[in-house]
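Below is one structure; the comments refer to it alone.
The values are calculated or read from the model by the stated rules, or taken from the named source; none is laboratory data. Everything quoted here is computed from the prediction, not taken from an experiment. Heads up, the Cβs are rebuilt from the backbone with ideal geometry, glycines too, and the neighbour counts pull from every protein chain shown.
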Amino acid sequence: MGKDKAVKTPTNNREFSKDFLLLCRLAEMGACRNTIKISTTALAKETGLSQQSTSRRLISLERKGLIQRAVTKEGSLIRISRDGEEYLRRIYLCLRSIFEEKPFSIKVEGKVFSGLGEGAYYVSKEPYRKQFIEKLGFDPYPGTLNLKITDDRESIKLRTELDAYPGIKIEGFKNKDRTYGPVKCFHAILDGRERGAVVFAFRSHYGRDVLEIISPICLRERLKLKDGDKVSVEIFLY
């Protein structure tokens, strides 16, 4: 699995509104897909801010890693960074879940494959296991069900959306031998009936097209699965 990176949102309400206003306007102008060229004077007119405020806000967004910017004599070359996109996406998904008036979830399908055996090793570690029981509400079977999403576009979309949510944080720990990193989890339902959770390690041998799933039971046995079988998963973001 790829690296999960939480996008920090400002805790100050005025700071948040200023960041959002300018970033949203830049996105509307196409800065998510392309690098745009615009002067601070023109951008100030677009947002209703003063030129000085616009300049300060661009510097702030750049320092926070939400935009990439190069200043030229003709104006600034600006593109919203991946962190900036995730910042906007998090707000969008939050609003979407509010107006849908129901817990927001994502449905995806993947093919079962045999993993590297890491799942059983990590899940059985007592500091992880205690947190799974406390935060997920079940004692996980010592192993993971591994699913590969076959549609590349679907896997990129899924991970982008999941990266935008904080999920359920399982803290890392140290022992005398090594350090174990944090894990992010989301509650899930498999094939519409079996309870589980999708887990994302911050460091993993798998790519972004792979889902690792834990459950209180052995999912392979319960669902009578073999390598290559397709499984549907509903992932709950809250």
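Is it the case, given these coordinates, that TYR92 is out of contact with any Gly (no Cβ under 8 Å at 6 or more places or on another chain), within 30 Å of GLY181 (Cα to Cα), part of a helix (DSSP H, G or I) and touching a residue at least 40 places away in the same chain (Cβ under 8 Å)? Before you say what the answer is, go through the steps one by one.
Numbers: out of contact with any Gly (no Cβ under 8 Å at 6 or more places or on another chain): yes; within 30 Å of GLY181 (Cα to Cα): yes; part of a helix (DSSP H, G or I): yes; touching a residue at least 40 places away in the same chain (Cβ under 8 Å): no.
So TYR92 fails the test.
Hey, can you tell me all the residues within region 138-155 that are free of Cβ contacts under 8 Å to residues at least 60 places away in the same chain and within 15 Å of GLY115 (Cβ to Cβ)?
Initially, region 138-155 is screened for residues free of Cβ contacts under 8 Å to residues at least 60 places away in the same chain, giving 142, 150-155.
If the condition is that a residue be free of Cβ contacts under 8 Å to residues at least 60 places away in the same chain and within 15 Å of GLY115 (Cβ to Cβ), then PRO142 is the only one that fits.
Would you point out the residue of region 113-135, among those that are part of a helix (DSSP H, G or I) and touching a residue at least 60 places away in the same chain (Cβ under 8 Å), that is nearest to LEU225 (Cα to Cα)?
Only one residue tops the list, namely GLY119.
Matching residues to (1) at pLDDT 75 or above; (2) more than 21 Å from the chain's Cα centre (by Cα); (3) of a type in the set (Phe, Trp, Tyr); (4) within 27 Å of GLU86 (Cα to Cα):
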| position | (1), (2), (3), (4) |
| --- | --- |
| ASP152 | no, no, no, yes |
| GLU161 | yes, no, no, yes |
| ILE170 | yes, no, no, yes |
| ASN175 | yes, yes, no, no |
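Which of (1) surrounded by fewer than 15 Cβ atoms within 10 Å (Cβ to Cβ); (2) out of contact with any Gly (no Cβ under 9 Å at 6 or more places or on another chain); (3) hydroxyl-bearing (Ser, Thr, Tyr) does THR150 not meet, given it meets every other one?
Among (1) surrounded by fewer than 15 Cβ atoms within 10 Å (Cβ to Cβ); (2) out of contact with any Gly (no Cβ under 9 Å at 6 or more places or on another chain); (3) hydroxyl-bearing (Ser, Thr, Tyr), THR150 violates only (2).
Quick check on my filter: what residues within region 111-129 are at pLDDT 90 or above and surrounded by 13 or more Cβ atoms within 10 Å (Cβ to Cβ)?
The answer is LYS111, VAL112, PHE113, PRO127, TYR128, ARG129.
Here is a check on your reading of the model: is GLY192 in contact (Cβ under 8 Å) with a residue 24 or more places away in the chain and loosely packed, with under 14 Cβ neighbours inside 10 Å? Talk me through it step by step, then tell me what you get.
Values: in contact (Cβ under 8 Å) with a residue 24 or more places away in the chain: yes; loosely packed, with under 14 Cβ neighbours inside 10 Å: yes.
It is true that GLY192 is in contact (Cβ under 8 Å) with a residue 24 or more places away in the chain and loosely packed, with under 14 Cβ neighbours inside 10 Å.
So in region 74-86, with the set limited to residues that are in contact with a helix residue (DSSP H, G or I) (Cβ under 7 Å, 6 or more places away or on another chain) and in contact (Cβ under 8 Å) with a residue 40 or more places away in the chain, which one is surrounded by the fewest Cβ atoms within 10 Å (Cβ to Cβ)? Let's see the steps before the verdict.
Here is the first cut: in region 74-86, the ones in contact with a helix residue (DSSP H, G or I) (Cβ under 7 Å, 6 or more places away or on another chain) are 76, 78, 80, 84, 86.
Applying the additional criterion that residues be in contact (Cβ under 8 Å) with a residue 40 or more places away in the chain yields 78, 80, 84, 86.
On the way: ILE78: 22, ILE80: 26, GLY84: 24, GLU86: 20.
Checking each candidate, the answer is GLU86.
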